[in-house]
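Engineer: What follows is a structure written as structure tokens; I'll ask about it next.
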Amino acid sequence: MKHLLHSLPMRARVFAALLVCLLLAGQAQAAATPGRQQARLYAYNIASTLLMYYNPRYDNRDQKVQAQYRGDLTMLQGWLQNNPDPEASKMVAEMASQIRELEKQTDEVAHLRPVWLNRILELQARLDEHLDAADKGKSGFEQQLAQLEIHLAMQNLGYQVTTFGSVAFYPLGGRADMMEELDRLISAELDALSAHTGTLSIRAADALDKVQSRYRFIRPRLVGHRDDWVPNLVARYCQDMLELTATLAM
């Protein structure tokens, strides 16, 4: 390659070098750009963290919590800039608009916040269906891992919805037993992923073991008799497990 470049005129060599740089930059950008799976997780995080922030039963008005959903919204909007999708862009723009309106509401009208939250939750569910329909082609371990990640994020959302108390849960057809159903799905997906342990690297096998351990710890809070609501703890464990699953996909 070096000999070929030296045989070219200077102007051609400069052009060829620039072309190679552009190609490498494009490949690097493509590798760094999150896929639809991550976009779906951004949207779930936005919805879950909004509910945690505005939960009327807990004092969660921490600027760090607000920064989380605002940051995920920025990441989702940035993803759409790199992955143009008119239908998804329209839904995300409407979500952003509803969030701005929600943030304008004072505590004097706190009882009306579910109006905006339900709109956001419905938009998130529609966006998730749209992105899911466009994100096909996975199989085997990759598919099982992707399903686990979405169901973990969905379970966190279901918990935040239940804890909030006056908003709707749209995924899974809005079924009343969504927490039990999600536990069944997640448990089955963890078992399926465990079947691949022998083919995983030491690092990946350790990450999977940690996901299973964390889920065993938090599971009693999610299903069955639930009196002691812990929205922040559930959100933290969900995020922790998702960070671990991200290492499995690398």
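Engineer: Taking the dipole about the Cα centre of the stretch 30-112, with the C-beta of Lys and Arg at +1 and of Asp and Glu at -1, give me whichever of Ala96, Met75, Ala47 is farthest to the positive side.
Structural biologist: Value: Met75.
Engineer: How much length is gained on full extension from Ser187 to Ser97, taking 0.36 nm per residue of separation minus their Cα-Cα distance?
Structural biologist: Between Ser187 and Ser97, full extension yields 28.7 nm more.
Engineer: Still on this structure: Using a Förster radius of 30 Å, what is the FRET efficiency between Arg214 and Gln105 based on their Cβ-Cβ separation? Nearest 0.05, please.
Structural biologist: Efficiency at R0 = 30 Å is approximately 0.30.
Engineer: Work out how much length Thr199 to Asp132 would gain on full extension: take 0.36 nm times their residue separation and subtract the Cα-Cα distance, in nm to one decimal.
Structural biologist: So the chain would gain 21.4 nm between Thr199 and Asp132.
Engineer: Just to confirm the number: angle between the C-alpha axis of helix 113-134 and the first principal axis of the chain, 0 to 90 degrees, nearest 10?
Structural biologist: 40 degrees
Engineer: Between Asn118 and Gln63, with labels modelled 7 Å along Cα→Cβ, what's the label distance in nm to one decimal, could you check?
Structural biologist: Inter-label distance under the simple model: 3.4 nm.
Engineer: Counting other beta carbons within 10 Å of each Cβ, put Trp116, Trp229 in order, fewest first.
Structural biologist: Listing Trp116, Trp229 from fewest to most nearby Cβ atoms yields Trp229, Trp116.
Engineer: Okay, moving on. Rounded to the nearest 10 degrees, what's the angle between the helix 231-248 long axis and the longest principal axis of the chain, both from Cα atoms, 0 to 90?
Structural biologist: Result, in degrees: 30.
Engineer: Once both axes come from the Cα atoms, what is the angle between helix 140-164 and the longest principal axis of the chain, in degrees from 0 to 90, rounded to 10?
Structural biologist: 40 degrees
Each reported figure results from applying straightforward, stated rules to the coordinates on display, with no laboratory input. Worth saying up front: this structure is predicted, and the values here are computed from it rather than measured. Counting neighbours? That spans all protein chains shown, and the Cβs are built from the backbone with ideal geometry, glycine included.
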